[in-house]
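Notes to accompany the following structure.
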Amino acid sequence: IPPLGYGIVPGYPLFGAWGQYFVVIDSNKDGVITPAEVMAGPARHFLGSPVPTFEVGLAPSVVFAHAVTVAALVDSRSGFRVMNQSGRLRCVAVCAELYVPNASQDQQTRAVDGNDAFGAWIEDGSFIRLRELSVAWALPPALSRRIGARSSTLVLAGRNVFMHTKYTGLDPEA
């Protein structure tokens, strides 16, 4: 029997994600799912690998007028699945999906029955991230000499500036 969560199963990637299908029967047809209306499927199935199948990084830089340099570091990873542990732990106490009227059936199901719907917390972790963005200004030599230096550079930099992902947790790399 494959494990529930991450495990080692012959013929599959190491520590692959495993979960169960779940069946939801909204018996009173009110659109609100309760734990009694969620049933685990009979078998576990492979949900995906925790290791990205594609990674790429790009570090462009542009120099303007020999004095201003704009540089960036863009990183992308895709083709992997990750447990939304922060969302799962948050739903132990209070889960917004239980109270939001337009929450999908999947969101409600994983909120009311975290054990049977364990696989619903394993999500696509693909992302593209602007890791670094900087603007550097090489000060003119005359200005540098005024502060007692031969040369100087003023840098404005930001880290983890932007990330695009469908992952609903805090960070797919965390």
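The values are calculated or read from the model by the stated rules, or taken from the named source; none is laboratory data. Quantities reported herein were computed from a predicted structural model and do not represent experimental measurements. In this analysis, Cβ positions are derived from the backbone assuming ideal geometry, glycine residues included, and neighbour counts consider all displayed protein chains. Side chains are part of the model used for accessible areas, which takes the heavy atoms of the whole protein and leaves out ligands, DNA and RNA. Shrake-Rupley method; radii C 1.70, N 1.55, O 1.52, S 1.80 Å.
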(request) Compute the normalised compactness of region 66-174: alpha-carbon radius of gyration over 2.2 N^0.38 Å, N being the residue count. (result) 1.73
(message) Can you find, among I122, V74, L14, the residue sitting farthest towards the positive end of the charge dipole of the chain, where Lys and Arg contribute +1 and Asp and Glu -1 at Cβ?
(response) V74
(request) Over region 29-84, calculate the relative contact order: mean separation of alpha carbon pairs under 8 Å at least 6 apart, over the residue count, as a percent. (result) 36
(request) State the extension gain, in nm to one decimal, for the chain segment bounded by L89 and S76, taking 0.36 nm per residue of separation less the distance between their alpha-carbons. (result) 2.0 nm
(message) Which one, M83, S134, G169, projects farthest toward the positive side of the charge dipole computed for region 48-174 from Cβ point charges (K/R +1, D/E -1)?
(response) S134
(request) Averaging sequence separations of C-alpha pairs under 8 Å and six or more residues apart, then dividing by the length of the chain, give the relative contact order as a whole percent. (result) 22
(request) Show that you can apply the helix-only estimate: for the chain, add -39,500 (n - 2.57) for every DSSP H stretch of four or more residues, divide by all residues, and state [θ] at 222 nm to the nearest 500. (result) -3500 deg cm²/dmol
(message) Need one number for region 13-140: average projected area of the convex hull over its C-alpha atoms, nm².
(response) 11.9
(message) Quick check for me: using +1 on Lys/Arg Cβ and -1 on Asp/Glu Cβ, what's the dipole size of the chain about its Cα centre, in debye to the nearest 20?
(response) 1040
(message) Given a 1.4 angstrom probe, I'd like the percentage of the accessible area of the chain that is carbon and sulfur, rounded to a whole number.
(response) 62
(request) Obtain the nm distance between the two label points defined at A67 and V135 by a simple spin-label model: each point lies 7 Å from its Cα along the Cα-to-C-beta direction. (result) 1.4
